[in-house]
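Below: the structure, in structure tokens.
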Amino acid sequence: MPRVAIVRRELPMAMSALAKVFVILLGMLIAVALASTVTRTHIDIAFATLLQSLVNLNVFLYISTLLPIAVGLCIAFSANAWNLGAEGQLVMGAVGATFVALYTPLGSQEIVAPIVALIFAALFGALWALPAALLKMFRGVNEALTTLLMNFIAYYITNYLVKGPWRGRAVYGYPTTDMVPRQARIPMAPGYSFSWYVVAACIVIALLAYLFLYKTRLGVALRALGSSPRFVELIGVSSRRLYLIAFLLSGALAGFAGGVKLLVYHGKLVEGPIVGSGYGFTAIMLAWLGGLNPLLLIPASYYTAALYILSFGLQIGSAAIGDALANTIVGSLLTLVLLADFLTRYKLVLR
Amino acid sequence: MSKPFLQTVNLCKRFGDVIALSDVSLDVYPGEVLVVLGENGSGKSTLAKILYGLYFPDKGYIKVEGISTVFSSPMEAKRKGIFLVSQRPQLIDDMTILENVAMFLGEPPSRDLRKRLYALLNELGITIDIDRGVHTLSYTEKQFVDLAKVLMARPRLLIVDEAATYLPRELKRRFLNIVKGLRAKGGSVIYITHKIGEAIEMGDRFAVLRRGSVVGVFGLSVDASTLRQAMFGSEEYLTRIAKGFTQGAPQKPPVLSVENLLVFDEYGKPAVNGVTLTVGAGEIVAIVGITGNGQKELGEAVVGLRRVSRGRVRLNGVDVTHMPACERVRRGLVYVPEDPFREGVAMRLTIAENMKLFSQTKVSRELLETVTRKLDVSPSNPLVAVAKLSGGNVQKVSLSRLLLTTPKAVVAYSPTRMLDEKSRVLALNMLQRLADAGSAVLLLSEDLEEALHVSTRVCVMVSGRIVRVFEGPDLEGYREVIERVMVHA
Amino acid sequence: MLEEVARILTDPLVVALVFWVLSDIVVERSGVINLALDGIITVGIAVAFVSTQHLSHTIILGGVDMGPIMSLLVTVATAVVLATLFMFFINILHAYHVLTGLALNIAFYGLSALIGLRLQKTPTIATLRLPPPILASVGILVVLFTWLILYRTTIGMAVRACGFNPRAAEHLGVRVWRARFLASAIGYTLAGIGSYIYAVVYRGGWVQYTGRGYGFLAITLAMASTWHPLLSYPIALVFGYLYTSAYALQLLYGVHSEIVNALPYIASIAIVTVVYSTPLHKKLAAPRALGEVYFKEERAA
């Protein structure tokens, strides 16, 4: 009688990598298929657009926002802090940057303005993550849930600011604040909508995160925190403090990304859901695609960025469709990653 | 010659790179007790779990009354009348005894079930209220409930996986008599143990496992030394554990002390109920008692993993009662936890990463290699993730912390439970050496034999209190007395 | 005072919420973190809306339009099918609960948008008028029903066992994966009914992503009630009261509408914090193994 059972398996590194590559290729196919169906474009055109997206320098726009968030999430997830609130932290980071830029005298100082704005952005992001972290540490409340709820709150607070006390001139019916002073903005590379400075900073952040997680005692302990908090206590490291640091760092990095998005791309604060655009969730998928390894996140974010450009490149007219498409692709990709994860960790045995 | 009730045919099972069972073929006949004898790591628990449908064999199959099959869940094993009781009673703490038994039998908790359950408990000489939550029971009570629930199902084959090994003699005898009663009714028993004395007392036939293979099957007339030879091969472990007790030694300064400690368990009951204890430099103090009398909570409170409600814990004179565990570790208190998988190591990290974390200072590659060799960790490649190691080797990695730090005090909870004989001697010698070098060692052990052998003082813990303390050069002589105290305090 | 209570008891939004909270309780009692709830609720709402439009006045039995009943069945069936997909990932693929829930949510939001946009005939439907006493009784009955199932049947016992200690449950002979599938079938039937009530009895209209967010509120309320069906009812009612009164704040005190939108989320976090700060929640047995990825052959000490 044939019987099926699921058994743990060990795959050599090469095979795990191969599985990931397979996921990536399959993901591209699905993305192209989905894109062409939803936007009613011929599949050849969709495919060609994909190839164009891979070499479109605007990938760096997406990389500069996705990469820092994903790196932060890498750190948080390694410590078993399920921070699903990157979206809200990103949005609040943008709020923080706007605050400095528009409502403090520093906002119009050359050089100082963007730096201080980004610092505030990171600060706001970290502060936004704090309540969930504290609730988990002191009351045992599931942080995945609280951070998700905070996302909604962040959206609405931003909407309120933009429609209320910070309202600027309305542009085409969408409420926004005034444009941020020129000195606060980070100059984009000519002809594109990203900044080389920021891209460099993001790569440095990823490298530093890698060194931290794999080459420092605290970082290695952080990775152990994910599976055994008691083990960490017993080697002389405060598991609570480490958990908090991991959580706040991820909030700060998400906030930083929000600040970047605002100072480089938007130039003014817009409604919450538009500032966020689901990047916080995409970054979660990214973190897992990269296997929680900051170095692997660099190519992974490049890949995801290309998919974004594909999604927006195909749609003519409704930005909403492009948005929905990108999100659907991301959702499917994450599901694929989970599937691949399963295939690498377990195998089916037929007896 | 009757036909066997159950046969295993060439069972193989591996976990990653670790081979747990290799071509194991055994027969069990109705009305007999087959003892499966083997030390830790020989694969006996894996065998039990395959027979109960918890593990799926990689190769091989089972024949039940001549029909070939493989179980993929306990449900299927139970349908054939095969049941398992193990060292850790498998009951759901948050539900009542009756609910657990009802779930086990697949029936609703009806009035009829109540009657039958009480009738059986009566027959076994157990008085207990079946509406109590399982978490209110003591370890021994849980073990007996576990056994009773299985007997309710009228097993054709009962697998006993070291379930009685850590019960005190008196209770063990009762447990074993109940099991023998099953044989009288025509059922079969597979009795798994690593203690030769117990094996000889229980068995009609003996199968010895070593490193996953059956090395011999013996009949009733076999003697202890033949069994010992089969279990350990030709290697002799005459290395005795060094004894540290020096008569008339001057009073050593207390390193670790506990005053009037009150500690609660997860359910709000006092687990440690006023314990006062001192361990001086160079002493090995053992706390013995039946599992579940507060040893775990005591160890965790001393180390800082559990809150102290009243009383004091001092390390070298400093009051550490409310300091978190990480702070105590930084001050020189080292804890070898009971559960190596969840607390002793970080499974996802490599051997090297784990060992580097144990040390507060930088660890050179040579030191890593020395430690790995000394503990005989296998595979010895430091870049291997600990999750790939067998249970005994994981415990060895956890123990490496004793070699990578210079502790002022050590609290060790069942440090040798998962180890094979050779490693057990090694670990105990490690503790002895640390004591000789001036550390204070608090040993919480379920294995009375080894506690008596290595310690300078033995405290018997019952219901959260230390009821008797034994000191002297030859503690082994007190064994009977101690066992009696453990049960009757 | 009494009329306030009556108003809440008979409010279809509150009744829908009660169904959703109970749905979450049943699923999480089996040990699975139920993050996919929001996505499935959103799809359910879209399906209820669309199917009502397509199925009304199509089949008449004995003079009664079977449309509403059929559309209810379709909604429930959709919810259960999607839930089975979710459980497949959790039980068979042993995926992390949180990630799976999140991934499926995103996919399901998109699905709900597609269904609504492509299949809708008109932007609104006539709401189904149910007499208030019926609504109130339905709410109370479903609470009792859920409690009965969880605490007075063998299935319920098995489900709860999985939430406490899946390993011990397996030893006791419970097939954990089967119990979880069953729990999700029951739970998501309730969720489907809740979505139907929301879409057809309460809302009557639909735009993209209508209903998004309620799932998370339901999960939080379930957590606040420590997953006890009987306790969840008063908590859901209190929350319902706060929620429906919030719009009064906007009208009477001129609080900005966006802040009012944020209030339910702030309130739910507050409720959970308050409950978890009292000794009460320690007395009630919560599913300890919630979120644990249960793999049968995991080695234990």
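Among the listed pairs A:136/B:269; A:347/B:59; B:78/B:172; B:63/B:180, a Cα-Cα separation exceeding 18 Å is found for A:136/B:269; B:78/B:172; B:63/B:180.
Angle of helix C:67-87 to the longest C-alpha principal axis of chain C, folded into 0 to 90 degrees and rounded to 10: 30°. A dipole drawn for chain B from +1 and -1 charges on Cβ atoms has a positive end, and of B:386, B:452, B:404 the residue lying farthest that way is B:386.
Normalising by residue count, the protein assembly as shown has a Cα convex hull of 198 Å³ per residue. Dipole size of chain A about its Cα centre, with +1 on Lys/Arg Cβ and -1 on Asp/Glu Cβ: approximately 820 debye, rounded to the nearest 20.
Of all DSSP beta bridges located in the protein assembly as shown, what percent are antiparallel, nearest 5? Around 60 percent of the beta bridges assigned by DSSP in the protein assembly as shown are antiparallel ones.
With the biggest extent put first, the Cα atoms of chain B measure 67, 51, 41 Å across the principal axes. What number of lysine-lysine pairs in the range B:339-405 show an alpha-carbon separation below 18 angstrom, given a sequence spacing of 8 or more or placement on distinct chains? Eligible lysine pairs with Cα atoms under 18 Å apart amount to 4. Each DSSP beta bridge with both residues in the range B:6-232 is either parallel or antiparallel, and the antiparallel ones are about 50%.
Where nothing but the Cβ of Lys and Arg (+1) and of Asp and Glu (-1) is charged, how large is the charge dipole of the protein assembly as shown around its Cα centre, in debye to the nearest 20? Don't skip to the answer; put the middle values down first.
Details: 106 positive and 76 negative charges, 108 e Å.
Magnitude of the dipole: close to 520 debye.
Other residues within the sphere of radius under 13 Å centred on the Cβ of residue B:478, judged by their own Cβ, net out at -2 (K and R +1, D and E -1). Among C:32-45, A:104-117, the peptide with the highest mean count of other Cβ atoms within 10 Å heads the list, and the full ranking is C:32-45, A:104-117.
Every pair of different Cα atoms in the range C:2-210 enters the Kirkwood calculation, which places the hydrodynamic radius at 17.7 Å. Taking the helices alone, the protein assembly as shown has a mean residue ellipticity at 222 nm of -17500 deg cm²/dmol, built from -39,500 (n - 2.57) per DSSP H run of at least 4 residues and averaged over all its residues. For the range B:6-232, a simple Cβ point-charge model (Lys and Arg +1, Asp and Glu -1, everything else neutral) yields a dipole of about 280 debye relative to the Cα centre. Derived from the Cα gyration tensor, the three semi-axes of the equivalent ellipsoid of the range B:6-232 are 29, 20, 16 Å, largest first.
When the Cα positions of A:236, A:123, A:25 are compared along the charge dipole of the range A:4-350, A:236 comes out farthest toward the positive end, with charges on each C-beta of Lys, Arg, Asp and Glu. Selection among A:133, A:93, A:327 by position relative to the dipole of chain A gives A:133 as farthest towards the positive end (Cβ unit charges, Cα centre).
In a fully extended conformation the segment linking residue C:283 and residue C:185 would gain 32.4 nm over its present Cα-Cα distance, using 0.36 nm per residue.
Here residue B:80 is the anchor, and the aspartates and glutamates within straight C-alpha reach of less than 12 Å, apart from those fewer than 8 places off in the same chain, are B:65. Peptides B:169-177, B:15-23, A:269-277, C:279-287, ordered by how many other C-beta atoms sit within 10 Å of their residues on average, highest first, read A:269-277, B:15-23, B:169-177, C:279-287.
Helix C:176-196 axis versus longest C-alpha principal axis of chain C: approximately 10°, rounded to the nearest ten. Between the helical axis of C:97-119 and the longest alpha-carbon principal axis of chain C there is an angle of about 20 degrees.
In the range A:4-350, one over the average inverse separation of all distinct C-alpha pairs is 20.8 Å, which is the Kirkwood hydrodynamic radius. Other protein chain C-beta atoms within 10 Å of residue C-beta, averaged over C:149-161: 2.
Among the complete DSSP H segments of chain B, which ones combine at least 24 Å of alpha-carbon extent along their axis with a mean Kyte-Doolittle hydropathy of 0.0 or more?
On the way: long enough: none.
Flagged H segments: there are none.
Taken as entire DSSP H runs, the helices of chain A that both span 20 Å or more between Cα atoms along their own long axis and average 1.6 or more on the Kyte-Doolittle scale are A:13-38, A:59-78, A:112-139, A:196-215. Tally Lys and Arg at +1 and Asp and Glu at -1 over the other residues with C-beta under 10 Å from the C-beta of residue A:163: what net charge comes out? For residues surrounding residue A:163, the net value is -1. Highest mean packing comes first when the peptides C:119-131, C:198-210 are listed by Cβ atoms within 10 Å, giving C:198-210, C:119-131. A straight Cα-to-Cα reach below 13 Å connects residue A:268 with the aspartates and glutamates A:178, residues fewer than 8 places away in its own chain not being considered. Footprinting exposure proxy ranking of A:147, B:278, B:372, fewest other C-beta atoms within 10 angstrom first, gives B:278, B:372, A:147. Would you mind pulling out the separation of the Cα centroids of the range B:303-318 and the range B:37-109, in Å? Taking the Cα centre of each part, the range B:303-318 and the range B:37-109 sit 41 Å apart. Taking 12 Å as the straight-line reach from the Cα of residue B:13, the aspartates and glutamates in range (excluding those fewer than 8 positions away in the same chain) are B:23, B:58, C:297. Convex hull of alpha carbon positions in the range B:339-405: directionally averaged projected area 3.8 nm².
We did not get these values from a lab; they are worked out from the coordinates using the rules stated. The structure presented is a predicted model; accordingly, all values stated were derived computationally and were not measured. Cβ: placed from backbone, ideal geometry, glycine included. Neighbour counts: every protein chain shown.
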